[in-house]
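Data first, discussion second: the structure below is written as structure tokens.
No value in this document is a laboratory result; all are computed from the given coordinates. These numbers were taken from a predicted model, which means no experiment stands behind them. Positions of Cβ are generated from backbone atoms using ideal geometry, with glycine treated the same way; all protein chains shown enter the neighbour counts.
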Amino acid sequence: MIAFLAQGIVSGVVIGLVYALIALSIVFIYKSTDVANFAGGEVVMIGGYGALLALSFFQWHYVFAFILVAAVTFIGGCVFDRAVLDKVLGRSMPGQSIMVSMVISTIGLSYLLRGLVRVVPYTEQVRRVPPLFAGPPVFLGPVVVQRQDIAICVIAPLIIIAAGAFFRATLLGKALLATAENPRAAVLVGIPVKAMRSLVWGLASSIAAVSGALLAPKLLLTPDMGDIIIMAFAAAIIGGLTNLPGCILGGIILGVVQNLVGLFISSSAMAVAPFVAIMLVLVIRPQGLLGGRTAMRKV
């Protein structure tokens, strides 16, 4: 029983780190623009298909696959912000909230990306992406760990640490934080707010796409892979929607809880576990486990 429990916890931590990465991209955008990005799941899906294209068609190394999906989605995120969201913001009326229109824009992007993938030949067939490291599993005592899981446990924390260091230790990261805290004050001190917002969308899209490339060897690759965004939102809400370390904690908690529910209760109950976790957190601590003080806002 102890070995069974340990296996469930380790597997949950692995998938939880992927949830945390996707949640990190959500928190980036929400913290900087107050927009909930519902297209993040489809960006994850694009990352998975991009990795499949690079590895299977071009026969590239995994490193170049990561670079490809990160670069393409970075450009795509910047273009979406400038071509769509900037126009939506430009048509806002004084005193009128524009957040609903911006959220609808992200939902439209999600349907657009899913539809574009479906018209590509062979994407309706279930695909598998080759693992980053091939070979037999590694035995850590009674726990069996796949080599792809080890890659996730190494790469995901490195990306998270790099993102945190970027915001804390670089002038560009501090400019992004200043833009998120007070856009008007940022403009007054010479920070290009529009460029910062586009950069945030690009960075968040790159992180989501790399998450998809990491996750694709573990899941079946289909155009509906983007539904995983529900898990990422759950992780972000559990940890605190404006707190970067919180989304990491939320992702790990969600992954472990979901895995243990599947092992000890029922595999069909795994789909319900995230929503139960969200409701419990919202009732006990609405701002999330590591979220700050709540504030009232008119929308």
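Do the conditions hold for residue 184, that is, is it basic (Lys, Arg) and either touching a Ser or Thr at 6+ places or on another chain (Cβ under 9 Å) or more than 30 Å from residue 105 (Cβ to Cβ) (or both)? So that I can check it myself, show each step before the final result.
Numbers: basic (Lys, Arg): yes; either touching a Ser or Thr at 6+ places or on another chain (Cβ under 9 Å) or more than 30 Å from residue 105 (Cβ to Cβ) (or both): no.
Criteria not met by residue 184.
For the stretch 192-201, state whether one or more residues are surrounded by fewer than 16 Cβ atoms within 10 Å (Cβ to Cβ) and either in a loop (DSSP other than H, G, I, E, B) or in contact with a Cys (Cβ under 8 Å, 6 or more places away or on another chain) (or both).
yes
Is it the case that the stretch 155-170 has a residue that's farther than 27 Å from residue 244 by Cα, assigned to a loop (DSSP other than H, G, I, E, B) and among the hydroxyl-bearing types (Ser, Thr, Tyr)?
no
Just checking, how many residues over the stretch 22-41 are over 18 Å from residue 69 (Cα atoms), outside any helix (DSSP H, G or I) and among the hydrophobic types (A, V, I, L, M, F, W, C)?
So the answer is 3.
Table: residues versus (1) of a type in the set (A, V, I, L, M, F, W, C); (2) touching a residue at least 40 places away in the same chain (Cβ under 8 Å); (3) touching a Phe, Trp or Tyr at 6+ places or on another chain (Cβ under 8 Å).
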residue: 36; (1), (2), (3): yes, yes, yes
residue: 45; (1), (2), (3): yes, yes, no
residue: 52; (1), (2), (3): yes, yes, no
residue: 55; (1), (2), (3): yes, yes, yes
residue: 67; (1), (2), (3): yes, no, no
residue: 114; (1), (2), (3): no, yes, no
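Could you please give the count of residues in the stretch 179-191 that are surrounded by 15 or more Cβ atoms within 10 Å (Cβ to Cβ) and outside any helix (DSSP H, G or I)?
Step one: filter the stretch 179-191 for residues surrounded by 15 or more Cβ atoms within 10 Å (Cβ to Cβ), giving 179-180, 183, 186, 191.
The next check asks that each one be outside any helix (DSSP H, G or I); those that pass are 191.
Qualifying residue count, the stretch 179-191: 1.
Look at residue 65 and say whether it is over 13 Å from the mean Cα position of the chain (by Cα), part of a helix (DSSP H, G or I) and closer than 17 Å to residue 220 by Cα.
On the way: over 13 Å from the mean Cα position of the chain (by Cα): yes; part of a helix (DSSP H, G or I): yes; closer than 17 Å to residue 220 by Cα: no.
Here the answer is no, as residue 65 does not meet what is asked.
Yes or no, residue by residue, for (1) of a type in the set (A, V, I, L, M, F, W, C); (2) closer than 16 Å to residue 198 by Cα; (3) part of a helix (DSSP H, G or I):
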{"residue": "56", "(1), (2), (3)": "no, no, yes"}
{"residue": "75", "(1), (2), (3)": "yes, yes, yes"}
{"residue": "87", "(1), (2), (3)": "no, yes, yes"}
{"residue": "104", "(1), (2), (3)": "yes, no, yes"}
{"residue": "109", "(1), (2), (3)": "yes, yes, yes"}
